[in-house]
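Single-structure report; data block below.
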Amino acid sequence: MYESGGRGPLYQNGIIKMLSIIIPAYNEKQNIERTAETISGILVSREIPYELVFISDGSTDGTYEEIRRLAERDARVRGAEFSRNFGKEAAIFAGLELALGDACIVMDCDLQHPPEVIPGMYELWQDGYEVVEGIKKSRGKESIFHGLSAGIFYGIMSKMMKMDMRSSSDFKLLDRKVVSVLLGLGERNTFFRALSFWAGFRSAKVEYEVQERAYGSSKWSFRSLLRYAVSNVTSFSTIPLQMITMMGVVSILFSIVLALQTLIKYLAGTAVEGFTTVILLILIIGGFIMISLGIIGHYLARIYEEVKGRPRYIIRERTDG
Ligand code: UDP
Ligand code: MG
């Protein structure tokens, strides 16, 4: 157990160096207290001043009530509840917005990101690193299907973004400077995991072993993963749009060959057959056009969402006002 009540700001070398731990939680009622105690235990024993910022992502199982209960007991715990489920990405950004620390660590509520790694991250930050990336040593236990779809997704993402995304995770420490940059971006469709690479800064890596989920099951379904993948690819890369141009070039080369062949046949007076070619051409070109429209549609949707300028999330209630 950690002591109740805040112990007030701790001073180190005359400067307050507080760490904010941001924990997005969606239907994690059973994990809240355990996670809070585990993290608090480690930070208190290392004398690292901290606050825990829980963001309940529109949970329906009483997760927020659990957070509020903890917050009443311990001033270092704060939290907010969304008006509905806005997704982990939104929860992370809400946490970054609410956090008061000089550095923020984002981690999962299910203890799959081992809190034992936090002191190491904190030390690297004190050594002057502004971003400390948590890198998965292995991906832990997951179903073959999940592993395969994650493999394909990260394969595409890594290629498109020219960074190794496979072992990266949302578990990372960001200095206040980096947090300010990310909060100032003004785009709604974010991909937190990649944005810290994109932002640059002095970064270090800490390896960790993915733990088994403490309680409950993963919140990702295949559909939500697919939606996440498409939304992240389109928010980070315009390669799909360039692929349309490539498809156009291939079609044109192909049609030049066919056009020549058709003309020669026509001139030679043997131009009657060829229905197979016509059917195939219509199907292939039709397919290309449909895919292209779909890709353009995805970008259009992204632009539409950004232009509407709706908030990324809506907070229904906060423990501190
Ligand atoms: N999460 C969230 N909103 C969602 C889905 C998940 O805030 O819509 C949180 C969840 O509570 C957990 C973290 O994101 O703290 C990671 O989720 P999960 O463990 O389900 O994903 P996995 O570990 O399988 O990637
Ligand atoms: Mg998990």
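The values are calculated or read from the model by the stated rules, or taken from the named source; none is laboratory data. None of the values given here were measured: they were computed from a predicted structure. Backbone-built Cβ (ideal geometry, glycine too); neighbour counts: all protein chains shown. Surface accessibility is based on the protein's heavy atoms, side chains included, excluding ligands, DNA and RNA. Shrake-Rupley method; radii C 1.70, N 1.55, O 1.52, S 1.80 Å.
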Value at 222 nm in deg cm²/dmol, rounded to 500, when DSSP H runs of n ≥ 4 in the chain each add -39,500 (n - 2.57): -16500 deg cm²/dmol
Rounded D (µm²/s) - segment 171-321, Kirkwood Rh over Cα pairs, Stokes-Einstein at 37 °C, 0.692 mPa s: 157 µm²/s
Accessible surface ranking that places the most exposed of Ile21, Ile156 first, with a 1.4 angstrom probe: Ile156, Ile21
Segment 36-101: GluC sites (Glu not before Pro) falling in loop per DSSP and having at most 13 other Cβ within 10 Å: Glu47
Leu241/Leu148 FRET efficiency (R0 22 Å; Cβ-Cβ; nearest 0.05): 0.25
Two-decimal Rg to Rh for segment 259-321 - Kirkwood Rh, Cα set: 1.54
With Cα atoms, 0 to 90° folded angle of helix 144-161 axis to the chain main axis: 80 degrees
Cubic angstrom per residue, convex hull over Cα atoms of the chain: 155 Å³
Cβ-Cβ FRET estimate between Leu263 and Leu300, R0 fixed at 41 Å, reported to 0.05: 0.60
Sites Ile252 and Lys205 - FRET efficiency at Förster radius 51 Å, r taken between beta-carbons, to 0.05: 0.65
